[in-house]
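K.L.:
So that we are looking at the same thing, I have put the structure below in structure tokens.
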Amino acid sequence: MEFNTVSISDGITMGAEGMKASLISREIIADSIELVARGNHFDGLVCISGCDKTIPGTVMALARLDLPGVMLYGGSIAPGRYEGRDVTIQDVFEAVGAHAAGRMTDGQLKAIEDVACPGAGACGGQFTANTMATVFEFLGISPMGGNGVPAMVERKDEVAFEAGKLVMDLLRRDLRPRQIITREGLENAIAAVAASGGSTNAVLHLLAIAREAGVPLEIDDFDRISARTPLIADLKPGGRFVATDLYEAGGIQLIAKRLIEGGHLHADALTVTGKTIGEEARKASEKPGQEVVRPLSDPLKPTGGLVILHGNLAPEGCVVKIAGHNLTDFRGPARVFDSEEAAFDAVQHGRIKAGDVVVIRYEGPMGGPGMREMLGVTAAIVGAGLGDSVALLTDGRFSGATHGLMAGHVAPEAARGGPIAAVRDGDTIVFDVNARRLDFDLSDDEVKSRMKEWKAPTPRYASGVMAKYAKLVSSASAGAVTN
């Protein structure tokens, strides 16, 4: 029996009010799959996913139901070509910023927009969709070698057919998701994010999946595992290549093989094929001369692409992606905005200057509600030529296409009375990545004094799914799950 669920396109909703629906849809996808499966007494499931929130939503449902099941990713889009180079949706968003700064003409912006998405498939870089597709091969809930096949490659049909056979085999062997979604499997999944320069959204999604599976996992586990895992995949947004390049180079399996060889994975962790990840990774075939996956002797960076910062601005933590840039220290005056739109307007009209720290708040899980991604703002900053001279922090999220010194998921969020609510224009913000700190230059007494004057904002939605979500959602540091 085939059935569908809802989906929200991050590409369509980005920068608009509709983006608030994206993360909320993850919960609804999981709920709807759970309800249909329970209501119809299904014996097993093949969950087919596409864009960002459908991928973790399906795996959350599999973990809840604990029925024999497999997740199959629909596959990545091919890159477009513009002026002799590969481009993705990331380039379009950055072109908007370049256009606003007078660095690109109307015709150039239109030309790159026309070619960036040449066909079917989810976003082409190691953005959230491809990050989570990689993660779930490493976790073992997707068969290794399946998710990495691009959407329009003929072999995808074979992969889908094999998934149907596999779920019947899982049913015969009574192999269930919670036998696969273990602590070791989740640590392998985190290593996949670190080694591939993957999306910060993986933090939210893996915390949520761990909770559904009843496996202890904390936000600081991401920092610990990333610190011991080399960054070896040269993938956009921080690197040079896209998902189709990775597939041709040897695929997700090749990344796994490298990490197994270096002792960076739990090689004995079980996968849906019934084999261990070590057994599956050793099958990888590497294209001679490929440059996408680096050897362990020459990584892009000796440690992974994610770090977790704490401090008086983020007592519960925040997430920073360090792949693709070398900024580790930053100090500057705060430019404070209470919505994404206000910050985007300031960037577009040249009101953000080199040395500023952009603060976007009231965009968290409860305050948004829905914790919007800030790709419009971050890409506009890069497009304006400020990517290496401006930092940003927010209680909202980032797209997997975001790069630069950006701290997301700042927790507690402003709407819950987190310290980010106390920041004022001109306050000195200090990033110290090596010390894992994010602070503003105020005493504890001054922060408490300011917060005495603070009043919680009126909820933006009084009824319906948005209001329900705002009342039920947890902190980003716990995965922004509903309880």
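The values are calculated or read from the model by the stated rules, or taken from the named source; none is laboratory data. Just so we're clear, the structure is a prediction, and the values are computed from it rather than from any experiment. A quick note on method: Cβ atoms are made from the backbone with ideal geometry, for glycine too, and the neighbour counts reach across all protein chains shown. Areas reflect the complete protein model, heavy atoms only, side chains present, ligands, DNA and RNA absent. Shrake-Rupley method; radii C 1.70, N 1.55, O 1.52, S 1.80 Å.
K.L.:
What ranking do 163-173, 200-210 get when scored by the average of other Cβ atoms within 10 Å per residue, highest first?
P.N.:
Listed from highest to lowest mean packing, they are 200-210, 163-173.
K.L.:
Out of the total accessible area of the chain (probe 1.4 Å, heavy atoms of protein only), what percent is carbon and sulfur?
P.N.:
52
K.L.:
Can you give the FRET efficiency for residue 297 and residue 436, using 1/(1 + (r/R0)^6), R0 = 30 Å, r = Cβ-Cβ distance, to the nearest 0.05?
P.N.:
0.65
K.L.:
Shifting gears a bit: If contacts are Cα pairs under 8 angstrom and at least 6 residues apart, what is the relative contact order of the range 405-460 in percent?
P.N.:
Relative contact order here is 30 percent.
K.L.:
Can you pick out the pairs among 448/471; 257/287; 20/448; 20/468; 53/287 whose Cα atoms lie more than 20 Å from each other?
P.N.:
448/471; 20/448; 53/287
K.L.:
Want the number for residue 120 to residue 16: 0.36 nm per residue separation, take away the alpha-carbon distance, what's left?
P.N.:
Taking 0.36 nm per residue and subtracting the Cα distance, the gain is 35.1 nm.
K.L.:
Just need the relative contact order of the chain here, percent rounded to a whole number, with Cα pairs under 8 Å and 6+ apart.
P.N.:
It comes to 16 percent, rounded to a whole number.
K.L.:
Highest mean first, how do 16-26, 297-307 rank when packing is the count of other Cβ atoms within 10 Å averaged over residues?
P.N.:
16-26, 297-307
K.L.:
Next question, about the same structure. In straight Cα distance, which lysines are under 18 Å from residue 165, not counting same-chain residues fewer than 8 positions off?
P.N.:
Cross-link targets: 156, 275.
K.L.:
About the Cα centre, and with charges only on the beta carbon of Lys, Arg (+1) and Asp, Glu (-1), how big is the dipole of the chain? Nearest 20 debye, please.
P.N.:
Dipole about the Cα centre, nearest 20: 440 debye.
K.L.:
So, one more: From the phi angles alone, apply the Karplus equation (6.51, -1.76, 1.60; θ = phi - 60°) to the range 270-287 and give each ³J(HN,Hα) in whole Hz, x where the residue is Gly or Pro.
P.N.:
These are the phi-based 3J(HN,Hα) values: 7, 10, 5, 6, x, 9, 7, 5, x, 5, 5, 5, 5, 7, 4, 10, 9, 5 Hz.
K.L.:
Rounded to the nearest 10 Å², what accessible area does residue 362 have for a 1.4 Å probe in the complete protein model?
P.N.:
The value for residue 362 is about 30 Å².
K.L.:
Net charge around residue 316, counting only other residues with Cβ within less than 12 Å of its Cβ (Lys, Arg = +1; Asp, Glu = -1)?
P.N.:
Result for the local shell: -3.
K.L.:
By how many nm would the segment from residue 40 to residue 152 grow when fully extended, if each residue of separation counts as 0.36 nm and the alpha-carbon distance is taken off?
P.N.:
In short, 37.1 nm is gained.
K.L.:
In debye, nearest 20, what is the charge dipole magnitude of the range 1-124 about its Cα centre with +1 on Lys and Arg Cβ and -1 on Asp and Glu Cβ, if you could check?
P.N.:
Charge dipole of the range 1-124: 80 debye, to the nearest 20.
K.L.:
Quick check: with the 1.4 Å probe, what order do 403, 266, 325 take by accessible area, largest first? Could you put the intermediate results ahead of the total?
P.N.:
Values: 403 40, 266 65, 325 15 Å².
In descending accessible area the options line up as 266, 403, 325.
K.L.:
Sticking with this structure for a sec: Add +1 for every Lys or Arg and -1 for every Asp or Glu among the other residues with Cβ under 10 Å from the Cβ of residue 128, and state the total. Each step should come with its number before you reach the end.
P.N.:
Working: positive: 53, 397; negative: 10, 52, 373.
Neighbour charge sum, excluding residue 128 itself: -1.
K.L.:
In square angstrom, what is the accessible area per residue of the range 195-241 with a 1.4 angstrom probe? Before the final figure, lay out the partial values.
P.N.:
Numbers: 1200 Å² over 47 residues.
On a per-residue basis, 26 Å².
K.L.:
From the helices alone, meaning DSSP H stretches of at least four residues, give me the mean residue ellipticity at 222 nm for the chain, per-run term -39500 (n - 2.57), in deg cm²/dmol to the nearest 500.
P.N.:
On the way: 18 runs with 188 residues, N = 483.
That comes out to -11500 deg cm²/dmol.
K.L.:
³J(HN,Hα) across the range 304-313 via Karplus (A = 6.51, B = -1.76, C = 1.60, θ = phi - 60°), whole Hz, x for Gly/Pro?
P.N.:
Whole-Hz 3J(HN,Hα) from phi for the range 304-313: x, x, 10, 9, 10, 9, 10, x, 6, 9.
K.L.:
Hey, another quick one. For residue 455 and residue 342, FRET efficiency with R0 = 25 Å and r from the beta-carbon atoms, rounded to 0.05?
P.N.:
Values: r = 19 Å, r/R0 = 0.76.
Approximately 0.85, to the nearest 0.05.
K.L.:
Once the Cα atoms of helix 89-100 and of the chain are each reduced to a long axis, what angle between those two axes, in degrees from 0 to 90 to the nearest 10, is obtained?
P.N.:
20
K.L.:
Sticking with this one: So what is the relative contact order for the range 59-180, in percent, with contacts set as C-alpha pairs under 8 Å and at least six apart?
P.N.:
Relative contact order, the range 59-180: 39 percent.
K.L.:
Could I ask something else about it? Note down the magnitude of the dipole of the range 298-434 about its Cα centre, charges +1 on Lys and Arg C-beta and -1 on Asp and Glu C-beta and zero elsewhere, to the nearest 20 debye. List each step's numbers first, then the result.
P.N.:
Details: 11 positive and 16 negative charges, 12 e Å.
Charge dipole of the range 298-434: 60 debye, to the nearest 20.
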